[in-house]
Every structure is written in structure tokens, then in C-alpha cells.
Amino acid sequence: MLANIAVLVSGGGTNLQALLNAQGTVLKSGAIRVVISDNPDAYALTRAANCGVDAYTAKNEAEIIRLLEQYNTDLIVLAGFLRILSADFTRKYANRIINIHPSLIPAFCGKGFYGLKVHRAALDSGVKITGATVHFVNEIPDGGKIIDQKAVRIHDADTPETLQQRVMEQAEWILLPRAAEKVCKQLIKEKRK
Ligand code: GRF
């Protein structure tokens, strides 16, 4: 039995790609059944199509929920999904939504910390280590229980762009499939009871 995964995206989808590539190896307990974007131009939609995964654009939470139900979703993975989900939504799917954030939470997170802004804040602060975090999603942005983290060293010559790339390569793309597997395994165990 596999857990049914829905991946929510807004942009380029390199984390989605990491999940797609991990299917059958690192990600053994779940399968990506559907990709949902709030942005019709997201390249992530093309990545899904290239792998034969159903992909849709949804304009609001009601449309997202309809798709999640259509695909009997067990786990929702936010992979570069920029919209903040309502408390009603996060309550409905409590412990079934995970997100990847490109810093070591509780540093550089919360409302307004997304994309390059996170890495700019890390560089401005002078810290020498940053990284990525996978956490459960609740009504507080970046506030849910932490599932796993991975550290990445900051270099003196880093720009927000070079740091973003290193955090993706050394942390996000490794961490997210691993965390998705951990949660899927648990969800299947509960389903079998
Ligand atoms: C990643 O840095 C992720 O941590 C953040 O948004 C970015 C999305 O990148 N939440 P991609 O769309 O997966 O390439």
C-alpha cells in the first residue's frame, strides 16, 4: 500500500523534481498522484507533465480541496507553494501537510520570509551556518512541528543567489524526499490499523 501524495507548487519546482526522482528509491511508501499550482505559469506543472503526473492550476482553497479529495490524498507536500493556507484548511489536514523552508527554523522564517528574502536575511545577520527545515504545517506560518533539518555552511563570498543554490543542493533536495518518506510510512501504518 502506498500513501497518495499531492504536491502544491507555485514556481520552478526543483523540490518537486527531487520528489519525482526519489520515487521508488528514497520515497518508497508514497506516490505522487497529483500536482497543484496556484500559478498557471509555474514550470513545476511542466515537470509534472513530463513525468506523467496529473497537474492542475487551482484558483482557491475550495478548488484545491476538490482535487485533494478526487485523488484520495493522504499527504500534502508544499514544495515552494507561496500562498499561506487558512486555519480552516490546515485544521482539516492536521499532521498531513508538510513544508520545506530554506533556513534552520526558528531562524529567518514566518510571514514574509520566502525565496531569496530568507537567504538575504541570513547573510545580513552574519550567521555562518544556515540550512533547510521540513515541518508540519499548522495555522502559524513556518510554526508547525519540525520533522527534520540539515545544515549548510555560508561562504564569505556568498550572494543570496549562490546561497540559495547551495541550500537547495546540499539540503532541500535531500531532506524533502526523506521527510516525505518518513511521514508516508507513518500514515500507512495508521491506515492499516
Ligand atoms: C525553495 O527554496 C523552498 O524551500 C521554498 O521555495 C523554494 C522553491 O523552489 N519554500 P522550487 O520551486 O522547489 O524550485
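The values are calculated or read from the model by the stated rules, or taken from the named source; none is laboratory data. The structure presented is a predicted model; accordingly, all values stated were derived computationally and were not measured. A quick note on method: Cβ atoms are made from the backbone with ideal geometry, for glycine too, and the neighbour counts reach across all protein chains shown.
A few points about this structure:
- Being more than 11 Å from the ligand (Cβ to nearest atom), under 23 Å from Asp142 (Cβ atoms), of a type in the set (Gly, Ala, Ser) and out of contact with any strand residue (DSSP E or B) (no Cβ under 7 Å at 6 or more places or on another chain) is a condition met by at least one residue of segment 64-87.
- Restricting attention to segment 139-171, the residues being at pLDDT 95 or above, not aliphatic (A, V, I, L, M) and not in a strand (DSSP E or B) number 14.
- Looking at segment 1-66, the strands (runs of 3 or more DSSP E) lying wholly inside it that each contain 1 or more residues that are touching a residue at least 40 places away in the same chain (Cβ under 8 Å) and over 16 Å from Trp173 (Cβ atoms) sit at 3-9, 30-37.
- Set Ala48, Ala58: member being within 14 Å of the ligand (Cβ to nearest atom) and either of a type outside the set (Ser, Thr, Tyr) or touching a Ser or Thr at 6+ places or on another chain (Cβ under 6 Å) (or both): Ala48
- Restricting attention to segment 105-155, the residues being within 24 Å of Ala94 (Cβ to Cβ), among the polar types (S, T, N, Q) and surrounded by fewer than 20 Cβ atoms within 10 Å (Cβ to Cβ) number 2.
- Selected residue (criterion: surrounded by the fewest Cβ atoms within 10 Å (Cβ to Cβ)) from residues of segment 7-28 that are of a type in the set (Gly, Ala, Ser) and within 15 Å of the ligand (Cβ to nearest atom): Gly12
- Residue satisfying all of: in segment 156-168; aliphatic (A, V, I, L, M) and within 12 Å of the ligand (Cβ to nearest atom); farthest from the chain's Cα centre (by Cα) among these: Leu163
- Hey, Ala171 within 12 Å of the ligand (Cβ to nearest atom), closer than 20 Å to Val26 by Cβ and aliphatic (A, V, I, L, M) or not: yes
- Criterion (buried (at least 19 other Cβ atoms within 10 Å of the Cβ), of a type outside the set (D, E, K, R) and not in a loop (DSSP other than H, G, I, E, B)) met by exactly one of Ile188, Ile174, Ile98: Ile98
Every residue, every condition in (1) on the phi > 0 side of the Ramachandran plot; (2) not aliphatic (A, V, I, L, M), yes or no:
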| residue | (1), (2) |
| --- | --- |
| Gly24 | yes, yes |
| Asp41 | no, yes |
| Ala44 | no, no |
| Thr57 | no, yes |
| Glu61 | no, yes |
| Tyr71 | no, yes |
| Val77 | no, no |
| Asp88 | no, yes |
| Val118 | no, no |
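- Given (1) touching an Asp or Glu at 6+ places or on another chain (Cβ under 8 Å); (2) at pLDDT 95 or above, index of the condition Val77 fails: (1)
- Test result for Thr130, over 17 Å from the mean Cα position of the chain (by Cα) and more than 14 Å from the ligand (Cβ to nearest atom): no
For (1) over 15 Å from the mean Cα position of the chain (by Cα); (2) farther than 23 Å from Lys191 by Cα, each residue gets a yes or a no:
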{"position": "Leu2", "(1), (2)": "yes, no"}
{"position": "Gly13", "(1), (2)": "no, yes"}
{"position": "Gly24", "(1), (2)": "yes, no"}
{"position": "Leu27", "(1), (2)": "no, no"}
{"position": "Ile32", "(1), (2)": "no, no"}
{"position": "Asn39", "(1), (2)": "yes, yes"}
{"position": "Asp54", "(1), (2)": "yes, yes"}
{"position": "Ala58", "(1), (2)": "yes, yes"}
